[in-house]
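K.L.:
Dropping the structure in here first, questions after.
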Amino acid sequence: MAEGYKENSITLPGAVAMGTGVMIGAGIFALTGQIAELAGPLFPLSFVAGAIVTAFSAYTYIKMSNAFPSAGGIGMILKKAYGPTTIAAGAALLMTLSMVIAESLVARTFGTYTLRAFGGDPDSVLVPIIGVGLIVVAYLVNVSGSRSVGLLSIIMAVIKVGGIALFGVAGLWASGLTFEASSGDTGATGFVASVALSILAFKGFTTITNSGAEVTEPHRNVGRAIVLSIAICVIVYLLVAFAVGSSLPIDRIVAAKDYALAEAARPALGQTGFYLTVALALVATASGLIASVFAVSRMLAMLTDMEMIPHSHFGMPGTIKDHTLVYTVVIAGFLTVFFDLSRIASLGAFFYLVMDMIIHAGVYRNLRHDIGARGWVMLTAIVLDAVVLTAFAAMKWQSDPLIVILGVIGMALVFAFVGVFLARNPVGENDHDQHKK
């Protein structure tokens, strides 16, 4: 599969566009209301806290990508940290599943905003139907080839960043810089728990890590692209959060949590602003899903090529990448149909935070001296992840214990699945070296 990865094919601006393109989608359109539900009036600051936690986490990825820029991305990091073990394969699969979960979040967000444009019920059965339709479209676009996906991602990233930032500025200006969402209770546990969802709005930076071998001057530009992407997104998220809080009181934000930006646009910007915001949401979610499907199918194909997960053609023609593309959209479609936005986001947070801690622990223990990393930064990242995960799990256990149980069972099944596979199909330590550039 090495021929599918072209060295120096992604410039620094292209890498930044890739990261922001994946991040700015459901991250802001679907999660703003859910974050406000947990954090109360302080919900804009939850994005700041999420960016801080993400910055500590990104340090490990940047140091590893600078030392070993690879098309294997996160799979490469885990395999170097742990070897071809169940921990490495299981954590890599958790990351992949968290990305697929994010796709279903994006798809349902697209369906919700589409119905709002026509005055439909956001709880309608049409939401998952429209979401699955978008997933099918994303599949068809990806089948057309990676070149069209890359070009579309860059164009859409510019439109999304500019459009959403404009929405934030216009909303603040129209509100007279007042903050309507200033009343309400804010508990410390609720705020910390909300950071778990805020982190989801930034985790798209890992897409850049997974394309490390293709970025020009990867030893420098992968890290730069990650830092720039996170910085751009935190500015955009803050603008939008304050604009929403300036337009609506906290109870209305929570009531409209699945379409908070559209709800905030009407009083702040009028009917025209409402429709423009919905249109922007549709563009952002659709393009984000297309880019994410491409990234996930590539990562699954690479993990298959590294012999860390099993693969079956199921009678399908084509390459492994063609097959993983099908697997990706089928799983995303299933989640879109059977889970609501809140549960999808919760499951994604559980999987991602556990995977993130596993990466930091492995690199700290086995590789930090090799890559010249500061151990205290990685330990801080682990502690922050653990605190956020504990608070989030505690809040969810009170409000929706089933999703906590499903999360634990899901993670146990992932590690059991890859454990059985690797026991029957042992992998050599250096089998992935061909992916290094």
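Every number here is computed from the coordinates shown, using simple stated rules; none is lab data. Everything numeric in this text was worked out from a predicted model, so none of it was measured. Note: ideal-geometry Cβ built from the backbone for every residue, glycine included; neighbour counts use all protein chains shown.
K.L.:
Would you mind pulling out the separation of the Cα centroids of the stretch 223-271 and the stretch 343-414, in Å?
P.N.:
About 26 Å separates the Cα centre of the stretch 223-271 from the one of the stretch 343-414.
K.L.:
May I ask you to compute the full-extension gain from V169 to I405, defined as 0.36 nm times their residue separation minus their alpha-carbon distance, rounded to one decimal in nm?
P.N.:
Fully extending the segment from V169 to I405 adds 80.9 nm.
K.L.:
Quote the relative contact order of the chain in percent (integer), defining contacts as alpha-carbon pairs under 8 Å separated by 6+ residues.
P.N.:
Value for the chain: 35 percent.
K.L.:
Under the Karplus relation 6.51 cos²θ - 1.76 cosθ + 1.60, θ = phi - 60°, what is the ordered set of whole-Hz ³J(HN,Hα) values for the stretch 35-45, x standing for Gly and Pro?
P.N.:
5, 5, 4, 8, 8, x, x, 8, 4, x, 6
K.L.:
Rank G73, S124, A102 by how far each Cα sits towards the positive end of the charge dipole of the stretch 61-125 (+1 on Lys, Arg Cβ; -1 on Asp, Glu Cβ) and give me just the farthest.
P.N.:
Farthest towards the positive pole: G73.
K.L.:
Quick one: angle between helix 73-82 and the longest Cα principal axis of the chain, in degrees between 0 and 90, rounded to 10, please.
P.N.:
50 degrees
K.L.:
Here's a follow-up. For the chain, what does the helix formula give at 222 nm: sum of -39500 (n - 2.57) over DSSP H segments with n ≥ 4, over the residue count, nearest 500 deg cm²/dmol? Write out the running numbers ahead of the final one.
P.N.:
Details: 18 runs with 337 residues, N = 437.
Value at 222 nm, helices only, nearest 500: -26500 deg cm²/dmol.
K.L.:
Counting other Cβ atoms within 10 Å, which chymotrypsin sites (Phe, Trp or Tyr not before Pro) in the stretch 276-385 have at most 10 and lie in a DSSP loop?
P.N.:
Of the chymotrypsin sites (Phe, Trp or Tyr not before Pro), the ones in loops of the stretch 276-385 whose Cβ has at most 10 other Cβ atoms within 10 Å are F314.
K.L.:
Which whole-number percent gives the relative contact order of the stretch 250-369, counting Cα pairs below 8 Å spaced six or more residues apart?
P.N.:
On the way: 46 pairs, mean separation 18.5, N = 120.
So the answer I get is 15 percent.
K.L.:
Net charge around I403, counting only other residues with Cβ within less than 14 Å of its Cβ (Lys, Arg = +1; Asp, Glu = -1)?
P.N.:
Once positives and negatives cancel, what remains is 0.
K.L.:
Let me check I've understood the local charge: for V127, count other residues with C-beta under 11 angstrom from its C-beta, Lys and Arg +1, Asp and Glu -1. What total comes out?
P.N.:
Taking every Cβ under 11 Å from that of V127, the sum is -2.
K.L.:
Return the Cα extents of the chain along principal axes one, two and three, sorted largest first, each rounded to a whole Å.
P.N.:
61, 46, 42
K.L.:
Between A386 and D322, what FRET efficiency follows from the Cβ-Cβ distance if R0 is 51 Å, with the result rounded to 0.05? Don't skip to the answer; put the middle values down first.
P.N.:
Details: r = 39 Å, r/R0 = 0.76.
Calculated transfer efficiency: 0.85.
K.L.:
Taking the mean number of other Cβ atoms within 10 Å as a proxy for protection, how do you rank 93-101, 379-387 from highest to lowest?
P.N.:
For the peptides 93-101, 379-387, the packing ranking is 93-101, 379-387.
K.L.:
Where does helix 320-338 land angle-wise versus the long Cα axis of the chain, in degrees 0 to 90, nearest 10?
P.N.:
40 degrees
K.L.:
With r as the distance between the Cβ atoms of R224 and A117 and R0 = 35 Å, compute the FRET efficiency 1/(1 + (r/R0)^6) and round to 0.05. If you can, show how the numbers build up before the last one.
P.N.:
Details: r = 38 Å, r/R0 = 1.08.
Approximately 0.40, to the nearest 0.05.
K.L.:
Further question: Report, to the nearest 10°, how far helix 218-247 tilts away from the longest principal axis of the Cα atoms in the chain, using its own Cα long axis and a range of 0 to 90°.
P.N.:
Long axis of 218-247 versus the principal axis of the chain: about 20 degrees.
K.L.:
Next up: How big is the dipole moment of the chain about its Cα centre under a simple scheme where the beta carbon of each Lys and Arg is +1, that of each Asp and Glu is -1, and everything else is neutral? Debye, nearest 20, please.
P.N.:
About 600 debye.
K.L.:
How much length is gained on full extension from A231 to V330, taking 0.36 nm per residue of separation minus their Cα-Cα distance?
P.N.:
Contour length minus Cα-Cα distance gives 32.3 nm.
K.L.:
At 7 Å along Cα-to-Cβ for each site, give me the label-to-label distance between A412 and R374 in nm.
P.N.:
Once both label points are built, they end up 4.0 nm from each other.
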